[in-house]
Every structure is written in structure tokens, then in C-alpha cells.
Amino acid sequence: MASSNTPVIQWLVDTRHLWPQAAKTKDLEQAAPRALAILTPEERAGVLKYFFVRDAKMSLASHLLKHYVLARTLGIPWSATKLTRDVNKKPVYVRDGDDGQQPCRFNVSHQAGLVALVASAVEKADVDVGVDIVCVSERRDRDLRMVRDEGWDYFVDMHSDVFGRGETAYLKSREFAAAASAASGAGMGASTTSEKVADAKLRRFYALWCLREAYVKMTGEALLAPWLGDLNFVEFRAPEPVTAEGGGFQQGADGTGEVITSHEVMLDRRKVDDANICLRSLGPDYMLGTAVRTPKNKEVGLGWHLGAFEVVDVETIVQFVEAEASA
């Protein structure tokens, strides 16, 4: 759980090795019956509709985390953790008889087998939270092939609708290319399409992607926001990757890997100064972005330390619900 001076919960579930006997999505009914049983019928059906079992596993973990954070932080029964959707189709929990208030704000992201949740349940506080996770290696072969065959500028243009106008220009600039070359260790004379340089560019590309997604999701507007093109991270960098040890991963927490909390963000040519944004390494391939703000008093959220993500075991969640049911 979050510490007393940091009322932000950051949880992570690794589904990559869960239920290995499930080769297909339908196999989860036999491999994960207890986890499926504690979802609502609609959620369970949604999980089992996924074509790929890896996506079904992440969906299942996402549902479990959302209910679990509500039950744990609010002290309510699992059966009372009913979710609805706001005007932007974002899942939320609204407490009955509380004038539409959301006593626990949360956001979830998943990528390449990992599911991350960020939440805050500060009593009578207005808190916005957002999280995003990226994996630079998931589509590495495809990305490198496109960069090699079509060029870096083509690759950036293919994704230009994701970024701000200034960011797109920067990603194609000589300054960006020089920074990637230097970081790759290939030197300034290296070919701009060499694999080392391309990998360095891709890591920075996905770092920017992660930062933007976390910020935009924090606002609650997501891809519906009319100001997306005017949002620009004008100063950012990618945290150094962390070498995996013991078959697991380290997550760029205090003293482990790299955590970056200093970013310059502009929105419609005005500096964004009310968001606490953190980007951290997670093993050699993943990055996690967290964005938090307290609109009524920005200094509160800016003063929160966003520490390491707590790895949550699905079995812990299942046992929590089963113990409640048997009490």
C-alpha cells in the first residue's frame, strides 16, 4: 500500500508466466477458474472474448486490480466495488449517495504481459492520476525493419497523430539524431540507420510516448482531448535500462535503475507546472510513466514522492476475496 506521506498506490501484476497451461483463451476457464469466478459476468465474458490468451490474461489482471484497490483502500466488500464509466468512457467508481463523488481515483495500463495500476484515495481530495507502460522490444523487429526500409522520418510520420506538433519535429531533428547517436555509443560518425542508433532512437521515442500517455490519461480526456497537438514535452529523456537478474526484473526504484522526474512540458505554449510526472525503468525493456495532480492545490500533488511499484500476486487477490466470502 502507499506510505502515509505518499497517498499514491502503484501496483504491478506480471501475467507473462501466469497460468502456463492455458494455450488458448478458452483454456483460462480451467486454468484460472478462481480468478474468473470473482469477476462480474460481464467482465468474465469480456476476458474470454480475447483472441490471444496473452491479452485475455492482461484483461483479467486489470479487472482484478481495479476491484482490489477499491476494496482495500475504501474498506468495502468486493461485491460493492461496482464500476461505471464516465462521459469519456473511462472506468470509475462512484459512491452511492455521495453526490457522484469518486472516493478512489485509479488508472490502469498494460503492455507485453505487464499490468500497472496507479490510484489515490485521499479523503475529500481532488486527485487526478494516469499511468502508462511501454515495452520497447515488443515490436522491435517490425520497428527496426520499418526504420531500415523506409527511414526514421517515415516511422515518425506513421505515428505523428500520437505526438504534439513540436514533438514530431524534434523526433526528426538533427538534435534528436545526435543525442541518440551519442547514447548508443556508436559515435557521431555512425550511420543513422545502424541498429544501435535505431535502438537508441526507439527507446527515446517510446519514452516520449509513455510520458504523453500518462499525462493525457491523468486528465481523463485521453485521445478525445482537442489539445493533443498542442501538448509538447520539450525536454525529456529515456531512463537507462535495468539489467534483469535472477530471471525477474528491477523497476528503476530508489537506488535501482533510473527514475526521471524532471520534464519540461508545454501546453498551447504555456508551461505545465501542476503535474507530478515520473518516468522509470522496468527491467531492460519496459518503462513506466506515472502522472498525478491535485487541481485544488497543485503543491500537494507536486510534493508527493512517487516511489517504486509494488508487485502484486494474483493469488493474493483471489485469497483476499475468498477469505471475505468465508468470513
Calculated from backbone phi, Karplus (6.51, -1.76, 1.60) coupling profile of segment 51-56 in Hz, x at Gly/Pro: 6, 9, 5, 5, 6, 5
Cut-off under 5 Å, modelled amide H: who pairs with Arg95 long-range: Gln101
Charge dipole (debye, nearest 20) of the chain; +1 at Cβ of Lys and Arg, -1 at Cβ of Asp and Glu: 400 debye
Cα-based helix-to-principal-axis angle, 140-150 vs the chain, degrees rounded to 10: 30 degrees
Proxy reagent accessibility, fewest Cβ within 10 Å first, across Thr290, Thr219: Thr219, Thr290
Given charges at beta-carbon only (K, R positive; D, E negative), |dipole| of segment 131-293 in Debye: 200 debye
Above-threshold pairs, the threshold being 32 Å between Cα atoms, out of Lys89/Lys296; Lys24/Lys89; Lys66/Lys298; Lys57/Lys296; Lys57/Lys82: Lys57/Lys296
J(HN,Hα) series, segment 308-322, from Karplus relation 6.51 cos²θ - 1.76 cosθ + 1.60, nearest Hz, glycine and proline x: 5, 6, 8, 6, 10, 8, 4, 4, 4, 5, 4, 5, 4, 5, 5
Correct choice for semi-axes √(5λ) of the Cα gyration tensor in Å that was computed from the model, options (i) 47, 19, 19; (ii) 34, 24, 18; (iii) 31, 24, 20: (ii)
Dipole-positive endmost among Tyr93, Gly164, Ala183 within the chain (Cβ charges, Cα centre): Gly164
Of Pro20, Ala35, Leu48, farthest towards positive along the dipole that unit charges on Lys, Arg, Asp, Glu beta carbons give segment 19-61: Pro20
Order of Val234, Val122, Val108 - criterion: other Cβ atoms within 10 Å of each residue's Cβ, fewest first: Val234, Val122, Val108
Unit charges on C-beta of K, R, D, E only; dipole of segment 55-178, Debye: 360 debye
Residue order, fewest to most beta carbons within 10 Å, for Arg280, Arg270: Arg270, Arg280
Prolate/oblate/rounded call for segment 131-293, Cα gyration tensor, a/c under 1.5 rounded: oblate
Residue among Ala112, Met218, Thr243 farthest towards the positive dipole end of the chain, charges placed on Cβ: Ala112
Calculated from backbone phi, Karplus (6.51, -1.76, 1.60) coupling profile of segment 197-208 in Hz, x at Gly/Pro: 5, 4, 4, 5, 5, 5, 5, 5, 4, 6, 5, 5
Amide H contacts of Asp126 (H built 1.01 Å from N, under 5 Å, at least 5 apart or other chain): Lys296
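Read the figures in this text as sums done on the coordinates, not as results from a lab. Keep in mind it's a predicted model, so treat the numbers as computed, not measured. All Cβ positions, glycine included, derive from the backbone under ideal geometry; neighbour counts span all protein chains shown.
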